[in-house]
Amino acid sequence: ANDQSSFHSHPDFLLQLSGHWHTVGLASSNRSLIEEEGPFRNFIQNFTVEHGNLNGIFLTRKNGQCILLSLIALRTEEAGCFKLNYYGTNEIYYESSKSDEYVIFILYNQHKGYINIVANLFGRTPNLSTEIKKKFEKVCIDRGIRKENILDVSEVDHC
């Protein structure tokens, strides 16, 4: 019931993603992107949806300082696909969700001639079930991300 098909049948689907979230899982084909001070080690605070675009407020660490990062993912013609200009260019794909519990996004980052995959698992609470974490792991592995590049950051200091 939480596949992409729900995306097409619910124009208001995105609105269900509004509100408070926590970063629970981070994964990448290039681990340095999600390690300390890495450009994609960002901790979601909340999403708002405006005109079909997804606005995210994140906490991130730069030069030892905790800063707020505001990112706007612009909707595209393709349902569940967004474009984001950040650390190069990104295509973000909505993977799956249960909007009162979790959402998974897969991001294809193009930067200086390299393409890397970054995956995010966001939860309404920092504590998600093992079942959801396993689902995230499978989504990542199915896209060629190595298991050691899949991080559970639910217990990590966000800044």
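Any read-out appearing in this document is the output of simple, stated calculations on the displayed coordinates, not a laboratory observation. Note that the structure is predicted; figures quoted are calculated from it, not measured. Heads up, the Cβs are rebuilt from the backbone with ideal geometry, glycines too, and the neighbour counts pull from every protein chain shown.
Here is how the numbers come out for the structure above:
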quantity	calculated
Total residues in region 60-83, condition among the small types (Gly, Ala, Ser) and either part of a loop (DSSP other than H, G, I, E, B) or in contact (Cβ under 8 Å) with a residue 60 or more places away in the chain (or both)	3
Residue count, region 17-38 (criterion: more than 16 Å from Ser97 (Cα to Cα) and either free of Cβ contacts under 8 Å to residues at least 24 places away in the same chain or touching a Ser or Thr at 6+ places or on another chain (Cβ under 8 Å) (or both))	4
Long-range neighbours under 6 Å by Cβ, at least six apart or interchain, first residue closer than 12 Å to Glu91 by Cα within region 101-127, second outside any loop (DSSP other than H, G, I, E, B) and among the acidic types (Asp, Glu)	Ile106/Glu95; Tyr108/Glu91
One residue from Ile67, Ile57, Ile115, Ile92 being closer than 19 Å to Pro39 by Cα and crowded, with 18+ Cβ neighbours inside 10 Å	Ile92
Qualifying position, being closer than 18 Å to Arg31 by Cα and touching a strand residue (DSSP E or B) at 6+ places or on another chain (Cβ under 8 Å), among Tyr87, Tyr114, Tyr102, Tyr93	Tyr87
